[in-house]
2 protein chains.
Amino acid sequence: MSLPQLPVLEQPEVVACCSPLAASEINDAQAEVLARQFAALGDPVRLRIISLLATADGGTVCACDLVEPTGRSQPTVSHHLKVLSDAGLVTSRRVGRNVWYAVVPASLDALRTVLQQH
Amino acid sequence: MSLPQLPVLEQPEVVACCSPLAASEINDAQAEVLARQFAALGDPVRLRIISLLATADGGTVCACDLVEPTGRSQPTVSHHLKVLSDAGLVTSRRVGRNVWYAVVPASLDALRTVLQQH
DNA sequence: CCAATGTATCGACGTCCGTAGATATGTCAA
DNA sequence: TTGACATATCTACGGACGTCGATACATTGG
């Protein structure tokens, strides 16, 4: 199944968002974007996927290798990957018949900033 | 409406959870707890509430002062506060007829740790 | 006590979400 | 070109979620 890991170079169109929640009051548009990103993390299967991607050698995992460890069907895994991708938390790159996924470090960092206290 | 801010001293029973997702693969129980916390942040109204609490003088806000800025009914605000409280992200303290809410810094810090990269 | 105020709970409604089977699309090997 | 494999999309279903009006509960002042 698993081919040698390949780098994923694309960066997402969903830009990093917002200063810390504790720094200034958030407006509705910012809240909408952030809520979608946090909601994407608000599912145990998707957290497991993020964990699998982040701990993988090269930070990249073939979609086919996410079905077994999550214990979900292939369509369900594909759905979760789309949710994460739409939120800008992961990117994908097709290599042959496979699609390799990786986390977007900048997006996770942006969320960490949002949660920062003073 | 707003009385002078009072310190909120209680810490939640929902303990901080887990090492970074990038450090080790997460198990199902941990994923469940974390997912509930991230899901609690996955709503624009709740993000606004967190922001209002975190930016307030003394870090404490009366529940009555969350209705107008969120633009939601009093029962809806109360519902969102319960979601945040059940997730361990905020604490509450009744003072007279009012209930004062505050964020739990340790919980937000724990989530920041979970999102940390290497 | 009783009335007023602040908060939480209940009940209901419409919508969104997680899930998987069936199927379409894309890619490669022969 | 054909068949096999990998992934995404479609469809449907059950349950969870956000919302608010009505109402119960809690607290204080008179």
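List of remarks:
- Cα gyration tensor shape of the stretch B:59-106, rounded if a/c is under 1.5, else prolate or oblate by comparing a/b with b/c: oblate
- 5 angstrom amide H check on A:Cys62, placed H, neighbours 5+ away: A:Tyr101
- In order through the stretch B:22-35: 3J(HN,Hα) via Karplus (6.51 cos²θ - 1.76 cosθ + 1.60), integer Hz, x for Gly, Pro: 7, 8, 8, 5, 7, 8, 5, 5, 4, 4, 5, 5, 5, 4
- Selected from B:Arg72, B:Arg46, B:Arg36 as most flexible by GNM, with chain B as the system and alpha-carbon contacts under 10 Å: B:Arg72
- Near-label residues of the stretch B:39-71 by backbone N, under 11 Å of a point 7 Å along Cα→Cβ of B:Asn98: B:60-66
- Long-range amide H partners of B:Val90 with built H, under 5 Å: B:Ser85, B:Val104
- Theoretical FRET efficiency, 1/(1+(r/R0)^6), r = Cβ-Cβ of A:Glu25 and B:His118, R0 35 Å, to 0.05: 0.60
- GNM flexibility winner over chain A from A:Pro105, A:Pro20, A:Pro75 (Cα, springs under 10 Å): A:Pro75
- Once Rg and the Kirkwood radius are both taken over the C-alpha atoms of the protein assembly as shown, their ratio Rg/Rh works out to 1.02.
- Chain A - mean residue ellipticity at 222 nm from DSSP helices (-39,500 (n - 2.57) per run, n ≥ 4, rounded to 500): -13500 deg cm²/dmol
- The length gained on full extension between A:Glu32 and A:Glu68, counted as 0.36 nm times the residue separation minus their Cα-Cα distance, comes to 9.7 nm.
- Ratio Rg/Rh [Cα only; Rh per Kirkwood] for the stretch B:17-118: 1.02
- Near A:Ala56, once Lys and Arg are set to +1 and Asp and Glu to -1 for all other residues with Cβ below 11 Å from its Cβ, the sum equals -3.
- Given charges at beta-carbon only (K, R positive; D, E negative), |dipole| of the protein assembly as shown in Debye: 240 debye
- Relative contact order %, the stretch A:19-118, counting alpha carbon pairs below 8 Å whose residues are six or more apart: 38 percent
Read-outs throughout are calculated quantities, based only on the coordinates presented, and are distinct from any laboratory measurement. What you are looking at is a predicted structure, and each value in this text was computed from that prediction instead of being measured. Here the Cβ is made from the backbone with ideal geometry for all residues, glycine too, and neighbour counts use every protein chain on show.
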